[in-house]
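Each remark here refers to the structure printed beneath this line.
The values are calculated or read from the model by the stated rules, or taken from the named source; none is laboratory data. Remember, predicted model here, so these are calculated numbers, not experimental data. Note that each Cβ is placed from the backbone with ideal geometry, even for glycine, and that neighbours are counted across all protein chains shown. The accessibility values were calculated without ligands, DNA or RNA, using every heavy atom of the protein model including side chains. Shrake-Rupley method; radii C 1.70, N 1.55, O 1.52, S 1.80 Å.
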Amino acid sequence: MPDRPLSPTPSSPMLLTRRGVLGLGLGAVAAAVLASCTPAPQWVTPTGAAVSGTEKNRGGTGRVTTVDLTAAPTTLDLAGTAAATWAFGGIPAPVIRLTAGDTLKATVRNQLDADTSVHWHGLALRNDMDGVPPVTQAPIAPGGQFAYEFVTPHPGTYWFHPHVGPQLDHGLYGALIIDDPDEKVTWDDEWVLILDDWLDGVTATPDQVLTDLSKGMGDMGGMGDMFMRMGNLLMGATSDLLGGDAGDVYYPHYLINGKSKADPAQFTGTPGARVRIRVINAGSDTAFRFAIGGHTLTITHTDGFPVDPVEVDSVLIGMGERYDLQVTLDDGVFPVVADAEGKQDRAFALVRTAAGTAPASDVPVAELGTGRVGTAAGLSATASVTLHQASPDRVVHLALTGGMEAYDWGINGRRFDMNDPLRDAHAISSGERVQLRIRNDTEMWHPFHLHGHTYQHANGGPRKDTSIILPGQTLTVDFDADNPGQWVAHCHNIYHAETGMTTVLGYQS
């Protein structure tokens, strides 16, 4: 496959659905792909010797953590509003915790009336455990189960969620924390916070939202600049930080650890304690600006990897991103706020170190109005995780294309085809230093996510796997091709991904 961008070519709209290939095994899918392309690269398959050999070479500690996850219908209580949804037990699911090098054995049982899977977001794990039908596995059918087993190679803050349809916009998610056995910094306490935008069982289901969006917004006749709700859509949500359009889905609730602002989660600590806060954005269409009233935050990690510490008043977190923050607690009761960027609403929780009256959920938080907003652009990887200097062996150009008017999101002018997932795959080879140049040719921001690898932003920037790319900007990142297989890369706005803004980076055998 060429390294240069493919020329945009017309194609019929192909929704990122499960139709067409769910009855096929991986071998049949691969055979169909090879038959349709002449000549075609010989791809490393997810179950091939290169993948199992790489996993064996990881070694590991030999310690095993075993968990059971059951995807099933449930009801979420949102301060008196009963929302019918799906979850892995609680929302979020109980935290899964291991130490780097340990093996995770997770049996996932499907009690839904739809296919599902689990993707272990951010981990450079073995390809056949990545949880992406139909690329790396067949979906888990209703009544079925799948056993995930892999070595956890790197410490950090990660999470898990489905990779079938818009299921992420249900309650199917949880945190995966991989502790660092060589951690040199100690904290007095730790909190794991998962942010989410919520509509399921309240105003619509994710499938209904996807149907509405897929019709396109057409010509708004000047109404696009007015902030207003139109059914499941939100018009006029804008943010300077995000370069314009902030998002297009109306959410009646924004949550912290499954709690709405009318019934906020509460975290109890001790004055003077130094706390590590692991923040995960599990939203589907919303970036959050996170702050704690009366406190300065220090960014210590992003997407699992350490950065040179930076003090900020707030941090901007796109869907799929994670930030580890350090804070020294003051004495009192303080608002924990995640503003839904550009959407004129917020998620809200409390941190309490003393008795006292809790602030209201709409309390002004000065830290949200300052110029010290943490973003990836202001971070640098620590020396311990900086990639060694090397010229790229291969440059892959990815243009993010499409728009809301026709809802024709794609990459290089092509919409991902679930019936032919390797049609536009980009070939790479083991041992290469690969450079991705990701250009945003749309009028909206996109949180871009690469599976199976952690790349580094140019000029000594942070190591990440999910990065915000603003309209008209190009993100240049490098990674080492050291994890063979077929790896999906996509926008982590779930509705953009589901309608075409997805591609595959495939290793050649």
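Applying the selection to region 441-458, what residues are closer than 25 Å to residue 507 by Cβ, open to solvent by 10 Å² or more (accessible area, probe 1.4 Å) and either in contact (Cβ under 8 Å) with a residue 24 or more places away in the chain or part of a strand (DSSP E or B) (or both)? Matches in region 441-458: 454, 456, 457. When region 315-335 is limited to residues that are assigned to a strand (DSSP E or B) and over 22 Å from residue 156 (Cβ atoms), the one that is nearest to the chain's Cα centre (by Cα) turns out to be 335. Residue 108: touching a helix residue (DSSP H, G or I) at 6+ places or on another chain (Cβ under 7 Å) and open to solvent by less than 50 Å² (accessible area, probe 1.4 Å), yes or no? Spelling it out, it is not the case that residue 108 is touching a helix residue (DSSP H, G or I) at 6+ places or on another chain (Cβ under 7 Å) and open to solvent by less than 50 Å² (accessible area, probe 1.4 Å). Can you say whether residue 230 is closer than 21 Å to residue 166 by Cβ, open to solvent by 10 Å² or more (accessible area, probe 1.4 Å) and among the aliphatic types (A, V, I, L, M), as far as the supplied structure shows? Taking the combined requirement at face value, the residue satisfies it.
Return yes or no: is residue 114 under 25 Å from residue 417 (Cα atoms), open to solvent by 20 Å² or more (accessible area, probe 1.4 Å) and assigned to a loop (DSSP other than H, G, I, E, B)?
Taking the combined requirement at face value, the residue does not satisfy it.
For residue 210, are the conditions met, namely being open to solvent by less than 10 Å² (accessible area, probe 1.4 Å), outside any strand (DSSP E or B), within 23 Å of residue 74 (Cα to Cα) and aliphatic (A, V, I, L, M)?
Spelling it out, it is not the case that residue 210 is open to solvent by less than 10 Å² (accessible area, probe 1.4 Å), outside any strand (DSSP E or B), within 23 Å of residue 74 (Cα to Cα) and aliphatic (A, V, I, L, M).
Residue 461 fulfils the conditions (1) outside any strand (DSSP E or B); (2) open to solvent by 10 Å² or more (accessible area, probe 1.4 Å); (3) in contact with a Leu (Cβ under 9 Å, 6 or more places away or on another chain) except for a single criterion, (2). Within region 166-183, can one find any residue that is touching a residue at least 12 places away in the same chain (Cβ under 8 Å), surrounded by fewer than 21 Cβ atoms within 10 Å (Cβ to Cβ), in contact with a strand residue (DSSP E or B) (Cβ under 9 Å, 6 or more places away or on another chain) and not in a strand (DSSP E or B)? Yes, region 166-183 has at least one match.
Restricting the search to strands (runs of 3 or more DSSP E) fully inside region 224-308 and requiring at least 3 residues that are among the basic types (Lys, Arg) and not assigned by the TED database to the domain that holds residue 370 gives an empty result. Would you confirm, using the coordinates I've provided, whether residue 145 is in contact with a Gly (Cβ under 9 Å, 6 or more places away or on another chain) and either buried (at least 18 other Cβ atoms within 10 Å of the Cβ) or not aliphatic (A, V, I, L, M) (or both)? So residue 145 fails the test. Only one of the numbered conditions (1) open to solvent by 30 Å² or more (accessible area, probe 1.4 Å); (2) outside any strand (DSSP E or B); (3) of a type in the set (Val, Ile, Thr) is not met by residue 476, and that is (2).
Just so you know, in region 340-389 the residues that are within 26 Å of residue 308 (Cβ to Cβ) and charged (D, E, K, R) include one that is most open to solvent (accessible area, probe 1.4 Å), and it is 372.
In the set 201, 244, only one residue is out of contact with any Gly (no Cβ under 8 Å at 6 or more places or on another chain) and surrounded by fewer than 19 Cβ atoms within 10 Å (Cβ to Cβ); that residue is 244. The set of residues from region 187-198 being of a type in the set (A, V, I, L, M) and either in contact with a helix residue (DSSP H, G or I) (Cβ under 8 Å, 6 or more places away or on another chain) or open to solvent by less than 10 Å² (accessible area, probe 1.4 Å) (or both) comprises 193, 194, 195. The single residue among 54, 45, 85, 75 that is crowded, with 17+ Cβ neighbours inside 10 Å, over 30 Å from residue 422 (Cα atoms), touching a residue at least 60 places away in the same chain (Cβ under 8 Å) and hydroxyl-bearing (Ser, Thr, Tyr) turns out to be 85. Restricting region 74-97 to residues that are within 20 Å of the chain's Cα centre (by Cα) and not β-branched (Val, Ile, Thr), the residue that is nearest to residue 279 (Cα to Cα) is 92. When residue 407 is tested against (1) in contact (Cβ under 8 Å) with a residue 40 or more places away in the chain; (2) among the aromatic types (Phe, Trp, Tyr); (3) touching a strand residue (DSSP E or B) at 6+ places or on another chain (Cβ under 7 Å), just one condition goes unmet, and that condition is (3).
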